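Visitor: For reference, the structure I am asking about is given below.
Quick note: the coordinates plus some simple rules give every number you see, no bench work behind them. Everything numeric in this text was worked out from a predicted model, so none of it was measured. Note that we place each Cβ from the backbone using ideal geometry, even for glycine, and neighbour counts take in every protein chain shown.
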Amino acid sequence: MDGCTDWSVDYLKYKVLLGEPVRIKCALFYGYIRANYTHAQSAGLSLMWYKSAGHGDFEEPISFDGIRMSKEEDSIWFRPAELQDVGHYSCVLRNSTYCMKVSMSLTVSENDTDLCYNSKMKFFEKAELSKGKDILCPDIEDYIQPGKDPDIIWYKECKPKQWRQSIVRKRDTLSIKEVREDDIGNYTCELKFGNFLVRRTTELSVTAPLTDKPPKILFPAENKMSVMELQLGSPVNLTCRAFFGYSGDVSPLIYWMKGEKFIEDLDESRIRESEIKTLREHLGEQEVSISLTIDAVEENDLGNYSCYVENGNGRRQANIQLTKRAELMYTVELAGGLGAILLLLIFLVTLYKCYRIELMLFYRNHFGSEDVDSENKDYDAYLSYTKVDPDQWSQETREEERFALEILPDVLEKHYGYKLFIPDRDLIPTGTYIEDVARCVDQSKRLIIVMTPNYVVRRGWSIFELETRLRNMLVSGEIKVILIECAELRGIMNYQEVEALKHTIKLLTVIKWPGPKSSKLDSKFWKRLQYEMPFKRPERVLSHEQVLDVSEQGPFSELQTVSAISMAAATSTAMATTHPELRSTFHNSYHTSLRQKHYYRSYEYDVPTSGTLPPLSSLGNQHTYCNIPMTLLNGQRPQVKSQRSEQQQQLEEQHANNAMLPLLPRETSISSVIW
């Protein structure tokens, strides 16, 4: 407005929450002129109001509706304020010869999410620990009726609070007699003004009491000269740490000096002082540090360096003396010590190389724990082996088959307590043979493959390539494979495929079976095999009746073999085929008091109570395998009650001594030669 004295924007900023009432007073009558509104009116001056988006923008006169927005003497009332009310409000006092103007800003904001206040419209207060503090409900004079105490409700973090006895509420003040650390937070006062609520929020921060002591140097030590020996040309970093008590809003002062010179006065680019870093801060108390760096120490860099800390209560210092390091002199004692350490190291490495398996087994047996990742597996290992046809038997193949069928399971199951899955013994079909094998391998922690020349020729591993699930387990390392080589395989048909198979398996261990010379349980072979098997704590194994007498025992005097039973079982199918008259004897004879069931894959048959078998010489040349009950394999006898007759016990004894069990033709048709 031309010819009008403009006082620009008043320092008082009006801030209000959306939906709350607010009064904007013309600042001319509260600091710019000595007259009030009544005197101005009596002098013939008129008061007009204008609004603009910002200072200097176009101003337009305000039309008051008298309801939500009204002009009352020297003020404008908003009941309530809305977001559209944001802007600058100018009051102009004038007549024909006089004009004066001033602007006031108004900000309308919404509450922060899930809060009763806006974080940009808070008031701030500080209080010292253990001292008293009054928190006022500010700027509420316009909403209090004269002569009446306001009814104010206080909240902390927008929630009602049960105040402790040392906190007193009086009129527009919340008085804390002894401030504690948990008093930190946001305090909101609320009062009613007509149909509206007016809220004011104050954030209280708590500090430690003002200190009356100088800072304390933590490192290097005060009142002591610290000496640091250096080699010329090497870099060095000196760090000074200090504790500063609460000193109001004053920043910590900490710095380095060399002698009587500040670091910046040395005029050396190699020597630099870092910025002050705050390491920790609590209630205004701080732990800070500053570093002095010398890139390459020279002769003239040696000397005394001092770290100074100070505040309004005093100054302290700590000193470091940089000196040149003396040349290192090698003595006989030092050389002898290094030699002894070297010999000890060589001895330990040699001991580990020679007895690595023994050391690992000792540690695992005494300090190891069960394999938690494989707890849901039913078996410790799946045994894969290809049996030899009778017409190919030789001394060497007999020894290999005896190792695979008798020695290996006996040692792992009876001596070490592992649970093996042997397909012809344990497999109960639920689908196709390949699917059943995949399921059982998946339930095993290890896969043991007894690699013999017969296994290589027959490509016994092919089942692991045909089944996608099995192949993925080998390639991904989901199961660890232990490959036992029983003979020299080079030059045998399909040997190149064996090498390719080894590269396919991710987790593979190859162990060579040396033959009968590894008959003792403390041999390297069994220790290596036990190390590769899952960890299992030794358990006491119950003793069983011997199946063979002492003269028939193999190289393991403490182990019992079942070769007689397995060999007799191998000819049972041929007997059933050559002598069909036995079928009715075996399958039609039935005794109600004695009945045992044996499983050959998914087929079930009954053991006869009596029967006459032809001599072995009359059997055919067919080579078939069947499952033998575990009670027979382990040399156990079923318990008999004393009430049974002598005749029943004789029948049972005849059955127990019959080692050859006939099979039906349909049972022989699905026999597998691969375990």
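Visitor: Give the peptides 428-436, 510-518 in descending order of average Cβ contacts within 10 Å, highest first.
Guide: Values: 428-436: 12.1, 510-518: 14.8.
My ranking of the peptides, most packed first, is 510-518, 428-436.
Visitor: Would you mind calculating the gained length between Leu489 and Leu232 on full extension (0.36 nm times residue separation, minus the Cα-Cα distance), in nm to one decimal?
Guide: Result for the pair: 85.9 nm of gain on full extension.
Visitor: Please identify which residues in the stretch 79-106 have an amide N closer than 19 Å to a label point set 7 Å out from the Cα of Ser70, following the Cα→Cβ vector.
Guide: It comes to 79-82, nothing else.
Visitor: In whole Hz, what ³J(HN,Hα) sequence does the stretch 257-268 give by Karplus (6.51, -1.76, 1.60; θ = phi - 60°), x for Gly and Pro?
Guide: For the stretch 257-268, the Karplus curve yields 9, 10, x, 10, 10, 6, 4, 5, 8, 6, 6, 10 Hz.
Visitor: Please give the net charge around Met121, taking every other residue with its beta carbon less than 14 angstrom from that of Met121, where Lys and Arg add +1 and Asp and Glu add -1. Before the final figure, lay out the partial values.
Guide: Details: positive: Lys13, Lys15, Lys120, Lys122, Arg199, Arg200; negative: Glu20, Glu110, Asp112, Asp139, Glu203.
Here the charged neighbours net out to +1.
Visitor: Right, here's the next one. If we count other beta carbons within 10 Å of each Cβ, what is the order of Lys387, Lys159, fewest first? Write down the numbers at each step before the final one.
Guide: Values: Lys387 23, Lys159 8.
Ordered by Cβ neighbours within 10 Å, fewest first: Lys159, Lys387.
Visitor: Can you give me the long-range amide H partners of Lys512? Hydrogens built in the peptide plane at 1.01 Å from N, cutoff under 5 Å, separation of 5 or more residues or another chain.
Guide: Correct list: Glu485.
Visitor: Here is a follow-up. What's the extension gain from Glu396 to His415 if we count 0.36 nm per residue and subtract their Cα-Cα distance?
Guide: Numbers: separation 19, 0.36 × 19 = 6.84 nm, distance 2.54 nm.
Contour length minus Cα-Cα distance gives 4.3 nm.
Visitor: Still on this structure, please answer the following. If amide H atoms are built 1.01 Å from N in the plane of the peptide, which residues on other chains or at least 5 residues away come under 5 Å of the amide H of Leu12?
Guide: none
Visitor: Right, another one. Could I have the simple spin-label model distance between Ile357 and Ser119, label points 7 Å from Cα toward Cβ, reported in nm to one decimal?
Guide: About 6.6 nm, to one decimal.
Visitor: Roughly how many whole Å is it from the C-alpha centroid of the stretch 230-257 to that of the stretch 260-338?
Guide: Going from one Cα centre to the other spans 8 Å.
Visitor: Taking Cα centroids, how far is the stretch 478-513 from the stretch 138-174 in Å?
Guide: Computed from Cα coordinates, the inter-centre distance equals 85 Å.
Visitor: Compute the convex hull volume of the Cα atoms of the stretch 446-496, divide it by the residue count, and report the result per residue in Å³ as a whole number. Intermediate values should be presented prior to the final figure.
Guide: Details: hull volume 3.9 nm³, N = 51.
In the stretch 446-496, the Cα hull volume divided by residue count equals 76 Å³.
Visitor: Kindly write out, for the stretch 102-108 in residue order, the coupling ³J(HN,Hα) from the Karplus curve 6.51 cos²θ - 1.76 cosθ + 1.60 (θ = phi - 60°), rounded to whole Hz, with x marking Gly and Pro.
Guide: 8, 10, 10, 9, 10, 10, 10
Visitor: Give me the number: length gained by fully extending Asn95 to Leu83, i.e. 0.36 nm times residue separation minus the C-alpha to C-alpha distance, one decimal in nm.
Guide: Using 0.36 nm per residue and subtracting the Cα-Cα distance, I get 1.0 nm.
Visitor: Let me ask something else. Ranked by Cβ crowding within 10 angstrom, fewest neighbours first, how are Tyr416, Tyr352, Tyr117 ordered?
Guide: Ordered from fewest to most neighbouring Cβ atoms within 10 Å, Tyr416, Tyr352, Tyr117 come out as Tyr352, Tyr416, Tyr117.
Visitor: Please compute the contact order of the stretch 5-109 in relative form: average sequence separation of alpha-carbon pairs under 8 Å and at least six residues apart, divided by the residue count, as a percent.
Guide: Normalised by residue count, the contact order of the stretch 5-109 is 44 percent.
Visitor: Starting with the fewest neighbours, write out His39, His366, His88 ranked by other beta-carbon atoms found within 10 Å of each beta-carbon.
Guide: So the residues, fewest neighbours to most, are His366, His39, His88.
Visitor: Let me ask another. Short version: ³J(HN,Hα) in whole Hz for each residue of the stretch 232-245, in order, from phi by Karplus 6.51 cos²θ - 1.76 cosθ + 1.60 (θ = phi - 60°), x for Gly and Pro, what are they?
Guide: My calculation for the stretch 232-245 gives 4, x, 8, x, 9, 10, 9, 10, 10, 10, 8, 10, 10, x Hz in order.
Visitor: Something else: For a distance above 19 Å, tell me the whole-number percent of Cα pairs in the stretch 123-207 that qualify.
Guide: On the way: 1268 of 3570 pairs.
The answer is 36 percent, as a whole percent.
Visitor: Sort the stretch 376-532 into rounded, prolate or oblate with this rule: let a ≥ b ≥ c be the square roots of the eigenvalues of the Cα gyration tensor; rounded if a/c is under 1.5, and if a/c is not under 1.5, prolate when a/b is larger than b/c, oblate otherwise.
Guide: Cα axes put the stretch 376-532 in the rounded bin.
Visitor: So, by mean Cβ neighbours within 10 angstrom, what's the order for 453-462, 332-341 with the highest one leading?
Guide: Per-residue Cβ counts within 10 Å, averaged per peptide and sorted highest first, yield 453-462, 332-341.
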